[in-house]
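Chemist: Structure incoming, see below.
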Amino acid sequence: MFDKLQALEDKYQVLEGQVSDPEVMADRAKWQQMVKAHADLTDVVEAFRQYKKTLSDLEENRLMLEDKLEPDFQEMVELEIGELESRKEELEQKLKILLLPRDPNDEKNVIVEIRGGTGGDEAALFAGDLFRMYCRYAERKGWRTEIIDANETDLGGFKEITFVVEGKGAFSNLKFESGVHRVQRVPATESGGRIHTSAATVAVLPEAEEVDIEVNANDIRIDLFCASGPGGQCVNTTQSAVRITHIPTGIVVSCQDEKSQHKNKDKAMRVLRARLLDKAQEEQQKAIASTRKSMVGSGDRSERIRTYNFPQNRITDHRIGLTVHRLEYVLQGDLFEIIEALSTTDQAERLKAVEE
């Protein structure tokens, strides 16, 4: 591991010189590529330098113990050695995690699709709660959200809603949210006070760049229609809404959020590319027989991942057995504890697989 880390530090130092080279800076595309490569190595190189400093300090303190020391000073040195040993172990674990293969999608923006499942109007209302939860979480992270398409109900819920979350690390934070989210509560539509169980599905897709997925114009069919709102009420009388069908796969994407037909088409193409990238990556993973499903789940849309129990103010993530009794705060966007636990478990599982 030490040799690999040293090679990464050497590469980092080379890049450090190149990004400030006027000749390299003249080529904008090449310079940006090097700046990104330099930034990607920063965390692991800084941790490695701390690790080397810790090893050096340990060696110095151990050499001190070879001399005859005053009892008080010897006790102090032994105490510092103990602290440095602990620090060394922590850094070794951190470096192992930093050396794990990175998901190439982690820094991408995401397309989130939420659909009301079993439960009728109550499921649609819950889909709306999930949408607002993710928007508030994104706001806390300093990210931007934008609705691409929405099918709203008369009660204020969503039969389905698609939106984009733009921000550094959006996919790495939200990728474990894909699956079935179940809610247990007394619906606003229930007069008898009985607790109902409803569900909504969430799909989190990394947004694909045009260089990731090339869509052949001959492979798509574009239909135009008038946008509509809740209850079928006409929103406008111009054909601004866009429906794109990808003929080879049968994937259909609609967008009617904007008044401009051109903007709706651009948004729909963003979703189409994201779905095609997701489909291609899923097929690639299935083709690799050795692909191991993580403890936090495979991202299967049919997998029940979490229950939101209102009477007990409880949220349980079934994949990692995590239960928190602060549901109202989580729905206000405080997802940090849950997302951190999922990421930590995923890292531990991947680390275990590498060491086996």
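Chemist: Output wanted: per-residue J couplings in Hz (rounded whole) for the stretch 276-283, from phi through Karplus 6.51 cos²θ - 1.76 cosθ + 1.60, θ = phi - 60°, x for Gly and Pro.
Modeler: 5, 5, 4, 5, 5, 5, 5, 5
Chemist: Want the number for E152 to Q347: 0.36 nm per residue separation, take away the alpha-carbon distance, what's left?
Modeler: Length difference between fully extended and current span is 66.4 nm.
Chemist: Another question, if that's okay. Per-residue counts of other Cβ atoms within 10 Å, averaged by peptide: what ranking do you get for 112-123, 68-79, highest first?
Modeler: Going from most to least packed, we get 112-123, 68-79.
Chemist: Another question about this same structure. If you place +1 on the Cβ of every Lys and Arg, -1 on the Cβ of every Asp and Glu, and leave all else neutral, what size is the dipole of the chain about its Cα centre, to the nearest 20 Debye?
Modeler: Charge dipole of the chain: 1920 debye, to the nearest 20.
Chemist: Also, quick follow-up: Per residue, what accessible area does the chain have, given a 1.4 Å probe and all protein chains present, in Å²? Intermediate results must be reported in sequence, preceding the final value.
Modeler: On the way: 19810 Å² over 356 residues.
Normalised by residue count, the accessible surface of the chain is 56 Å².
Chemist: Work out the charge dipole of the chain with +1 on the Cβ of Lys and Arg and -1 on the Cβ of Asp and Glu about the Cα centre, then indicate which of H38, I147, L91 is farthest towards its positive end.
Modeler: I147
Chemist: Right, here's the next one. Got the relative contact order for the chain handy, in percent, Cα pairs under 8 Å and 6 or more residues apart? Can you show the working numbers first?
Modeler: Working: 569 pairs, mean separation 51.9, N = 356.
Relative contact order, the chain: 15 percent.
Chemist: Still on this structure: Once you have a ≥ b ≥ c as the square roots of the Cα gyration tensor eigenvalues for the stretch 10-56, tell me rounded if a/c is under 1.5, and otherwise prolate or oblate according to whether a/b is larger than b/c.
Modeler: prolate
Chemist: Before rounding to the nearest 500, sum -39500 (n - 2.57) across all DSSP H runs of length at least 4 in the chain and divide by the residue total; then give [θ] at 222 nm in deg cm²/dmol.
Modeler: That calculation yields -15500 deg cm²/dmol at 222 nm.
Chemist: Extension gain A37-R49, at 0.36 nm per residue separation less the Cα-Cα distance, in nm?
Modeler: So the chain would gain 2.5 nm between A37 and R49.
Chemist: To continue, here is another question. Carbon and sulfur: what percent of the chain's accessible surface (1.4 Å probe)? Spell out each step's value before the answer.
Modeler: Details: 9590 of 19810 Å².
Result for the chain: 48 percent of the exposed heavy-atom area is carbon or sulfur.
Chemist: Once amide H atoms are placed 1.01 Å from N in the peptide plane, what residues at a sequence separation of 5 or more from R304, or on another chain, have their amide H within under 5 Å of its amide H?
Modeler: V180
Chemist: If I model a spin label as a point 7 Å beyond the Cα along the Cα-Cβ vector, how far apart are those points for D67 and E89 in nm?
Modeler: Placing both labels 7 Å beyond Cα along the Cβ direction yields 2.9 nm.
Chemist: Got a sec to turn the phi values of the stretch 142-151 into Karplus ³J(HN,Hα) couplings, 6.51 cos²θ - 1.76 cosθ + 1.60 with θ = phi - 60°, whole Hz, x for Gly and Pro?
Modeler: After applying 6.51 cos²θ - 1.76 cosθ + 1.60, I find x, 8, 10, 10, 8, 6, 9, 7, 8, 10 Hz.
Chemist: Give the peptides 195-201, 246-252, 26-32 in descending order of average Cβ contacts within 10 Å, highest first.
Modeler: 195-201, 246-252, 26-32
Chemist: If I model a spin label at A188 and A217 as a point 7 Å from the Cα along the Cα→Cβ vector, what separation in nanometres do I get?
Modeler: Distance between the two pseudo-spin positions: 4.6 nm.
Chemist: Follow-up. Collect residues whose amide H, placed 1.01 Å from N in the peptide plane, falls under 5 Å from the amide H of I148; neighbours closer than 5 in sequence don't count.
Modeler: It is T162, F163, V164, by chain and number.
Chemist: Quick one: which residues, 5+ away or cross-chain, put their amide H under 5 Å from the amide H of T153? H built at 1.01 Å from N.
Modeler: Answer set, sorted by chain and number: F158, K159.
The values are calculated or read from the model by the stated rules, or taken from the named source; none is laboratory data. If you're wondering where the values come from, they're calculated on a predicted model, not measured in any experiment. Every residue, glycine among them, receives a Cβ derived from its backbone with ideal geometry; neighbour counts consider all protein chains shown. Note: areas computed on protein heavy atoms with side chains; ligands, DNA, RNA excluded. Shrake-Rupley method; radii C 1.70, N 1.55, O 1.52, S 1.80 Å.
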